[in-house]
2 protein chains.
Amino acid sequence: MAQIDFWYSIGSTYSYLTIMRIDRVAQDHGLDVTWKPFDVRTIMMEYGNSPFIGKPVKAAHMWRDIARRAPRYGLSPSLPAPYPLNDLALPNAIALLGMDEGWGVEFTRAAYRRWFEEGLLPDEGAGLRDSLREAGQAPDATIERAQQPEPAKRLADQTRQARDLGVFGSPSFVVAGELFWGDDRLADAVQWARDGRLS
Amino acid sequence: MAQIDFWYSIGSTYSYLTIMRIDRVAQDHGLDVTWKPFDVRTIMMEYGNSPFIGKPVKAAHMWRDIARRAPRYGLSPSLPAPYPLNDLALPNAIALLGMDEGWGVEFTRAAYRRWFEEGLLPDEGAGLRDSLREAGQAPDATIERAQQPEPAKRLADQTRQARDLGVFGSPSFVVAGELFWGDDRLADAVQWARDGRLS
């Protein structure tokens, strides 16, 4: 089965549109998706990129663009969502722990649903804790586990791997060595996985 | 007939994909397009944006992304094209002069074809001069006319108008007050012009 690696960071706005639909899209096209949480902020700081922070005009377009496109995917976000997150390291270390243990996708979707539909940040408070519960995990114990050195190192390694693949933003898709950046390139990534080219 | 205002700057890379197909797309959907050249660099400098200059990783994705998508539109660019331009003011002042006089679209397409398919910069030399000739204009006289105070002021006014509409990048589309940014939003702009919403 053809394969899409889905690189994302909890904290990225456009990733909402991808996270809520990629598994359905992949299933419709007979593709396999591997979810790869990483810390996009580390890479952006290294490259001197910050697409929306301190850029109100560009950010206004981003929110309006998401609002216009969400109904296409059956989504009803309440926008703008609170932004930016204080911390990308914790929620993405938790997501990665969850991927290793089988509950990461459910946690990620729950966190984005709360963030974009209920206005709860995914890196703290009820947004984080209720999303862990929804994924079947005890909040306190899981947060404590994710703050140990090993999960932090695992996230740093995965982030380095993303950077080595040329990933510089979230969401990104890697298909047979080809990098596609942006929710709006999911259809291209799917086509590449099926045909090895766009048409 | 529903209307799309197409804001662009000669000098923008992704605008190649739009410039070479927007009139055909609009015709297929029964829409009217008004081409609006402006100086995106002035706005980007004001906002502290520079999407690709000094960002080799993001620029590499941009060129690859254009290369992958071009065949979809029947285009065969030779990439990467020389980038960035030294001067955005002159070619866009010329394009705007041409819009006022009826040869601006032909000049813009000719300049992009030379830039992206023959590797000739559109702000100088043969890239500029032969594109003017192709649009039926005498190169020396037209360049001299475009360097007068009036065309420079006209471009500054049009650039201010773009900024007042929230335009921060090229290509952008404005449909009934809605701003769409990026070649990859042309389909959204077309749908909005027809239906007043996306689906």
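Bear in mind these aren't lab numbers, they're just calculated from the coordinates by the rules spelled out. Keep in mind it's a predicted model, so treat the numbers as computed, not measured. Virtual Cβ from ideal backbone geometry, glycine too; neighbours counted across all protein chains shown.
Quick notes on this structure:
- For segment A:170-199, filtering for residues that are facing another protein chain (nearest Cβ under 9 Å), without any contact (Cβ under 8 Å) to a residue 60 or more places away in the chain and outside any helix (DSSP H, G or I) leaves 7.
- For segment B:59-85, the candidate set comprises residues that are touching a Gly at 6+ places or on another chain (Cβ under 8 Å) and at the interface with chain A (Cβ under 9 Å from one of its Cβ atoms); within that set, the residue that is nearest to A:Ser199 (Cα to Cα) is B:His61.
One line per residue, one yes/no per condition, for (1) under 23 Å from A:Trp181 (Cβ atoms); (2) within 13 Å of chain A (Cβ to nearest Cβ); (3) in contact with a Ser or Thr (Cβ under 9 Å, 6 or more places away or on another chain); (4) among the hydrophobic types (A, V, I, L, M, F, W, C):
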site	(1), (2), (3), (4)
B:Gln27	no, no, no, no
B:Trp35	no, no, yes, yes
B:Val40	yes, yes, yes, yes
B:Ser50	yes, yes, no, no
B:Val57	yes, yes, no, yes
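- Matching option when the condition is without any contact (Cβ under 8 Å) to a residue 40 or more places away in the chain, more than 28 Å from A:Gln161 (Cβ to Cβ) and touching a helix residue (DSSP H, G or I) at 6+ places or on another chain (Cβ under 6 Å), among A:Pro80, A:Pro56: A:Pro80
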